[in-house]
Amino acid sequence: MNPNGLLPRVFDDADRYDSLRREVRAFLRECLDSGSFTPGVDTWLTDWDPQFSRSLAARGWIGMTIPVEYGGHGRSHVERFVVTEELLAAGAPVAAHWIADRQIAPSLMRFGTEEQKHRYLPAIASGECYFGIGMSEPDSGSDLASVRTKAVRVAGGWRLTGTKVWTSGAHRADAFFALARTSPKDAAARHAGLSQFIVDLRSDGIDIRPIISMTGNHHFNEVVMDAVFVADTMVLGNIGDGWRQVTSELAFERSGPERFLSTFALLAAGAEQAGAGCRFGDDIGRLMARITGLHHMSAAVAGALQRGERADSAAAVVKLLGTATEGDIAECADLSLDRGAETSRGRRYRELVDLAILQRPGFTLRGGTTEVLEGVVARELGLR
Ligand SMILES: Cc1cc2nc3c(=O)[nH]c(=O)nc-3n(C[C@H](O)[C@H](O)[C@H](O)COP(=O)(O)OP(=O)(O)OC[C@H]3O[C@@H](n4cnc5c(N)ncnc54)[C@H](O)[C@@H]3O)c2cc1C
């Protein structure tokens, strides 16, 4: 058993980032004071506010790791970590740009052509271009090698036919990365023959159908593609390399502070309620200790990404422990809520609790289920 592979070095001189942290906090304080947003839970998935995204972009807080030549800010993954952590802790409405900033931009930088980079990266960094992820299908979630969306070669490009599901934000996004089969499945090499395409979600042949979640809100979709034309210029990376490319997104997708801070605004609100006779106070110390550990682990992954080191197993650990913690925050808040003695101040708190409870099942599913991540960690430790 080798635990070392799971533990990247925590980045040094954390204090160096304090001034950036203070700057973001001051901005968020101004926003809260002016009422430009109300803290929410799971806002990185559900709270879509293009105006807020643009106001972050104007301060250089989107596309931070995109090089300056592509319209970004050439800053480090650790600096991006500091900014995203503050935004999530405040429960700010960051869903519009989240996926584009978190994993589409790094993938474009790694696998995109110059044309693709110049077309999308500046627009992402200015908070004007939003993306979705087109991986999951009705019978293909954890086992992505089984995707059935097919891309067929035609003059000048490809025609994609198939159905994607649980596509967050597709009804508002400009484009998504679709994973499709470009050559028949080979039982001996299941992960071969997959490719990634940049698909404009306004293309002919696309039908975006809403899936309403338990909260009554619409953020998921089913995206049906019927012979959608994608030009050769919009193939991402190499045909046949889809699996390698998709798995390289995972460290970005799984390790960030959104994997343990989705309900932090609730914990903060609970701490305020504690003085008003709420029993949540008893659990706050334990939950904060878990969050603090996760902060260090997630920061360590940001440092590893900065150094270009492999961090997918460490990212799996962050997601595994982090999503359990954010779910436990929701549960503790729910169990400690005195629903019979609600004051007007308590009403907003109760709404946050109810929302967190309804969003909770998604925490451990999205981005890789708990069981699948346990498998990743077990393999890293040589237990499988
Ligand atoms: C809130 C939310 C947002 C999402 N957004 C997107 C999105 O934008 N784009 C997108 O493409 N997808 C998205 N998804 C889909 C998500 O990636 C899948 O739900 C996830 O990968 C699991 O796939 P599945 O739902 O098909 O479950 P399945 O893969 O069918 O799994 C069912 C059960 O079997 C278990 N299982 C499966 N394989 C194994 C294994 N090898 N070992 C042990 N147990 C196993 C799982 O843990 C689970 O309990 C989203 C999901 C949620 C909840």
Inset, instruction - Would you give the gap between the C-alpha center of segment 197-241 and the C-alpha center of segment 25-76, rounded to a whole Å? - result: 25 Å
Legend entry - Karplus-derived 3J(HN,Hα), 6.51/-1.76/1.60, for each residue of segment 171-178, Hz, glycine and proline x: 6, 10, 6, 7, 7, 9, 8, 9
Inset, instruction - Report ³J(HN,Hα) in whole Hz for each residue of segment 367-379, in order, from the Karplus equation J = 6.51 cos²θ - 1.76 cosθ + 1.60 where θ = phi - 60°; Gly and Pro get x. - result: x, x, 6, 4, 5, 5, 5, 4, x, 4, 5, 4, 5
Legend entry - 14 Å beta-carbon shell around Ala192, net charge (K/R +1, D/E -1): +2
Inset, instruction - Please find the FRET efficiency linking Arg307 to Asp15, where r is the Cβ-Cβ separation and R0 is fixed at 22 Å, and quote it to the nearest 0.05. - result: 0.65
Inset, instruction - Compute the FRET efficiency between Asp328 and Ala189 as 1/(1 + (r/R0)^6), taking r as their Cβ-Cβ distance and R0 = 41 Å, and round to the nearest 0.05. - result: 0.50
Inset, instruction - With all protein chains present, calculate the accessible area of Ile133 using a 1.4 Å probe and round the result to the nearest 10 Å². - result: 40 Å²
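Please give me the summed charge of the neighbours of Gln103: other residues whose Cβ is under 14 Å from its Cβ, Lys and Arg +1, Asp and Glu -1.
Residues close to Gln103 contribute a combined charge of +2.
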Legend entry - Student exercise, the chain dipole from Lys, Arg, Asp, Glu Cβ charges, in Debye to nearest 20: 480 debye
Inset, instruction - Choose one answer from Val154, Val94, Val82: the residue with the largest mean-square fluctuation in a GNM of the chain with alpha-carbon springs under 10 Å. - result: Val154
Inset, instruction - Take the solvent-accessible surface of the protein heavy atoms, probe 1.4 Å, and return the percent of it on segment 71-229 that carbon and sulfur atoms account for. - result: 51 percent
Legend entry - DSSP bridge orientation in segment 170-327 - percent antiparallel, rounded to nearest 5: 100 percent
Legend entry - Choice from Ala324, Ala356, Ala188 with maximal GNM fluctuation in the chain (Cα, 10 Å cutoff): Ala188
Inset, instruction - Select from Leu321, Leu88, Leu194 the residue whose mean-square fluctuation is largest in a Gaussian network model of the chain (Cα-Cα springs shorter than 10 Å). - result: Leu321
Legend entry - Residue list for segment 76-95, given a label point 7 angstrom along the Cα-to-Cβ vector of Ser55 and an amide N cut-off under 12 Å: 92-94
Legend entry - Solvent-accessible area per residue for the chain (1.4 angstrom probe, square angstrom): 43 Å²
Legend entry - Pairwise FRET efficiency - Ser36 versus Arg148, Cβ, R0 = 51 Å, nearest 0.05: 0.70
Inset, instruction - With a/c under 1.5 counting as rounded, go ahead and sort segment 119-242 into rounded, prolate or oblate using the C-alpha gyration tensor (a ≥ b ≥ c being the square roots of the eigenvalues; past the cut-off, prolate if a/b is larger than b/c, else oblate). - result: oblate
Legend entry - Virtual spin-label span in nm between Ala271 and Ala123, 7 Å along Cα→Cβ: 4.0 nm
Legend entry - Extension gain, Arg379 back to Ala227 (0.36 nm per residue minus Cα-Cα distance, nm): 50.8 nm
Legend entry - Under 5 Å, built H, 5+ apart or other chain: amide partners of Gly157: Asp232
Legend entry - Amide H within-cut-off set for Glu249, under 5 Å, with H built and near neighbours excluded: none
Inset, instruction - Could you pull out which residues in segment 239-272 have an amide N less than 15 Å from a spot 7 Å beyond the Cα of Arg110, following the Cα-Cβ vector? - result: 241-256
Inset, instruction - Give me the distance between the Cα centres of segment 244-276 and segment 332-384, rounded to whole Å. - result: 10 Å
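Figure the gain on full extension for Arg348 and Asp204 (residue separation times 0.36 nm, minus the Cα-Cα span) and round it to one decimal in nm.
Net length gain for the segment: 47.6 nm.
The values are calculated or read from the model by the stated rules, or taken from the named source; none is laboratory data. All figures in this text were calculated on a predicted structure; none of them were measured in a lab. Counting neighbours? That spans all protein chains shown, and the Cβs are built from the backbone with ideal geometry, glycine included. The area values use the complete protein model at the heavy-atom level, side chains included, leaving out ligands, DNA and RNA. Shrake-Rupley method; radii C 1.70, N 1.55, O 1.52, S 1.80 Å.
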